[in-house]
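S.K.: I'd like to ask some things about the structure below.
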Amino acid sequence: MTLESYRRVVAVAAALLALIVFTGAAVRLTDSGLGCEDWPTCNDDELIPAASFHGWIEFGNRLLSIAVSAAVGAAVLTARRLVPARPDLVRWAMGLVAGVLAQILLGGVTVLLDLHPIVVSAHFLLSAVLMWNVMVLLWKAQGPADRPRAQPPSAAAVHSRVQIGLAVVLLVIGTLVTGSGPNSGDIRADRLGFDLQTIARVHGVAAWVFVASLVLLLFRHRHDGNTRWGRLLLATTVGQGAIGYWQYATGVPPLLVEFHVIGAIAVWCATVWFHLQHLTSGVETTATVGQT
């Protein structure tokens, strides 16, 4: 197994991890969250749902978790076959396995607690952690285990860490908006006690802070070439913001919410990837700016 082949394995795992986030959102947005009311079975002693739309939507998402489990398992097994050996990749791949197992159990808890919004939020945020893990794994597979890092980190690298923190805040507040909105996944699901208009505005302010910080970070890179992923992140964030305002103005229709979930994962992954570029480019960036 070569690194080039291994990156393909990890890319498949990343795609499936992203896909199950989208299908999970589709389960909630089609009011199919309790299409299977039990776990690990679907209903009572029945493993497979009856011929019902909501049941098969929910059950289909469970079936997809099997493919995800196989993909992250393959990421571990193939990492062990790399020559020369890469124990760092094995460890990060094992993190994916642990995360997927936790996600399966948390999915069961979500059903058993009738889609309580706090548990649903935790389910989504754990998906974000898994996407971070797989992005780091993919990045590490692009170079040797001992690739040099900037010591000490540049000001831009520190700022990039702040950007990650702002992205986390944005994700968390976004789950509070979702937990307060109308798309609960089932009529029986509880809602958070936040006023939807107020919490949506808080989310909007957090998004503007994220954008302002990102523009400043790109300004720090104005004299070097480390802006490609930053520009992509900025474009993705602007598109995500447009969808957010659109869905707010139109009463939070399910289709736009699905697009917003897709955008959230895209912004998060782009933020993580942009940050990873700073781990090895900080010294070069500082030197280039100094010479300029």
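S.K.: Please verify whether the range 40-53 includes one or more residues that are part of a helix (DSSP H, G or I) and among the small types (Gly, Ala, Ser).
M.R.: So far as the range 40-53 goes, no, none of its residues is part of a helix (DSSP H, G or I) and among the small types (Gly, Ala, Ser).
S.K.: Follow-up. Only residues that are modelled with pLDDT of 95 or more and of a type in the set (Ser, Thr, Tyr): list them for the range 212-241, please.
M.R.: Ser213, Thr236, Thr237
S.K.: Something else: Free of Cβ contacts under 8 Å to residues at least 12 places away in the same chain and closer than 30 Å to Ser184 by Cβ - does that describe any residue in the range 65-76?
M.R.: yes
S.K.: If I ask for residues that are part of a helix (DSSP H, G or I) and surrounded by fewer than 24 Cβ atoms within 10 Å (Cβ to Cβ), which ones from the range 28-38 would you list?
M.R.: Leu29
S.K.: From the list Thr271, Thr198, pick out the single residue that is surrounded by 20 or more Cβ atoms within 10 Å (Cβ to Cβ), hydroxyl-bearing (Ser, Thr, Tyr) and not assigned by TED's automatic domain parsing to the domain that holds Ser127.
M.R.: Thr271
S.K.: Oh, and also: Looking only at the range 256-267, decide whether some residue is touching a His at 6+ places or on another chain (Cβ under 9 Å), touching a residue at least 40 places away in the same chain (Cβ under 8 Å) and farther than 18 Å from Arg161 by Cα.
M.R.: No, because not a single residue in the range 256-267 is touching a His at 6+ places or on another chain (Cβ under 9 Å), touching a residue at least 40 places away in the same chain (Cβ under 8 Å) and farther than 18 Å from Arg161 by Cα.
S.K.: Counting only residues that are of a type in the set (Phe, Trp, Tyr) and either under 16 Å from Gly107 (Cα atoms) or assigned by TED's automatic domain parsing to the domain that holds Gly263 (or both), how many does the range 1-37 have? Show your work before the answer.
M.R.: Residues of the range 1-37 that are of a type in the set (Phe, Trp, Tyr), as a first pass: 6, 22.
From the residues that got through so far, the ones that are either under 16 Å from Gly107 (Cα atoms) or assigned by TED's automatic domain parsing to the domain that holds Gly263 (or both) too are 22.
Of the residues in that region, 1 qualify.
S.K.: Right, something else. Tell me, yes or no, whether the range 39-49 has at least one residue that is surrounded by 15 or more Cβ atoms within 10 Å (Cβ to Cβ), under 16 Å from Val68 (Cα atoms) and either without any contact (Cβ under 8 Å) to a residue 60 or more places away in the chain or of a type in the set (Val, Ile, Thr) (or both).
M.R.: For the range 39-49, residues surrounded by 15 or more Cβ atoms within 10 Å (Cβ to Cβ), under 16 Å from Val68 (Cα atoms) and either without any contact (Cβ under 8 Å) to a residue 60 or more places away in the chain or of a type in the set (Val, Ile, Thr) (or both): absent.
S.K.: I've got another one for you. Among Val257, Val168, Val252, which is modelled with pLDDT of 95 or more and not aromatic (Phe, Trp, Tyr)?
M.R.: It is Val168.
The values are calculated or read from the model by the stated rules, or taken from the named source; none is laboratory data. Given the structure is predicted, the values throughout are model-derived calculations rather than measurements. Cβ sites come from the backbone with ideal geometry, for glycine too, and all protein chains shown count toward neighbours.
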